[in-house]
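Scroll down for the structure; my scribbles are underneath it.
The values are calculated or read from the model by the stated rules, or taken from the named source; none is laboratory data. Please read these numbers as outputs of a predicted model, since none were measured by experiment. Here Cβ is always computed from backbone atoms with ideal geometry, including for glycine, and neighbour counts include all displayed protein chains.
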């Protein structure tokens, strides 16, 4: 059995597109299999968003839990394609990824637009999604685009962003800071630094722009309505100080799933998994146990 501290990153190809996926933990002895946990990051981050959450989840489960955190297409270590990959297509690719990993059931947790992808996945493959956790997630047309994404949606300016962000760290920090609702000086460990640095990788800024430009909130709302009609067990977590998607908006999302657990988290803004990883891990482990009947 692999230790929860031993993260393993591999590449998987689904429908001709390469996905980078990191896993922690294991399925245990296999005698009483429980759902794996799928952690989905959003804009403008990568699976690194979960680097402190996933090990804590595995430790709390005595390593008897498989945690899977992919990089969405265009972001992190996954392929940066030259074509439009909307959030519904991201969900389709993730369903294929789970097939390659031989994962039959999941509790899926998504942060930001990763939560919108999780909703698409639940609408596409409801039999696979045993539980749905949404963290600071926009699900309505009036909640997206956020201010930090606006320059990436304007033709001409979009191309300028793709060229300038890797070359001007101060500009990248400003854009990403607006996108997550606070500058990197907000916490002592400067949480945006790693995301700004990641934009220096070849094609990273272009991929970020392509990701933002492909978001279709009409499609997201349609998927959300499908999920709401027959929802799985659900958890809605929100940073109480989120400046991107406010706490009242979080309450709105939770109210649209009347049976969902509503968990506002004090002392956290939009980057909830980075700002309060121990609390996120605790809540997700408890939610997983409830879904699995442990």
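Overview of results
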{"read-out": "Residue match in the range 114-127 (condition: surrounded by fewer than 18 Cβ atoms within 10 Å (Cβ to Cβ), in contact with a helix residue (DSSP H, G or I) (Cβ under 7 Å, 6 or more places away or on another chain) and more than 19 Å from residue 18 (Cα to Cα))", "value": "yes"}
{"read-out": "Neighbours by Cβ (under 9 Å, 6+ apart or cross-chain): first from the range 45-73, on the phi > 0 side of the Ramachandran plot and touching a residue at least 24 places away in the same chain (Cβ under 8 Å); second surrounded by fewer than 24 Cβ atoms within 10 Å (Cβ to Cβ) and part of a loop (DSSP other than H, G, I, E, B)", "value": "63/1; 63/2; 63/3; 63/4; 63/26; 63/28"}
{"read-out": "Every residue from the range 153-178 that is free of Cβ contacts under 8 Å to residues at least 24 places away in the same chain, closer than 14 Å to residue 197 by Cα and in a loop (DSSP other than H, G, I, E, B)", "value": "167, 168"}
{"read-out": "Residue list for the range 210-255, restricted to those being touching a residue at least 60 places away in the same chain (Cβ under 8 Å) and in a loop (DSSP other than H, G, I, E, B)", "value": "214, 215, 216, 230, 231, 232, 233, 242, 243, 244, 245"}
{"read-out": "Qualifying position, being crowded, with 22+ Cβ neighbours inside 10 Å, on the phi < 0 side of the Ramachandran plot and modelled with pLDDT of 85 or more, among 168, 196, 236, 157", "value": "236"}
{"read-out": "Among the residues listed as 201, 188, 268, the single one being in contact with a strand residue (DSSP E or B) (Cβ under 7 Å, 6 or more places away or on another chain), more than 18 Å from residue 140 (Cα to Cα), at pLDDT below 95 and assigned to a loop (DSSP other than H, G, I, E, B)", "value": "268"}
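Table: residues versus (1) surrounded by 16 or more Cβ atoms within 10 Å (Cβ to Cβ); (2) at pLDDT below 90.
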residue	(1), (2)
153	no, no
172	yes, yes
206	yes, no
248	no, no
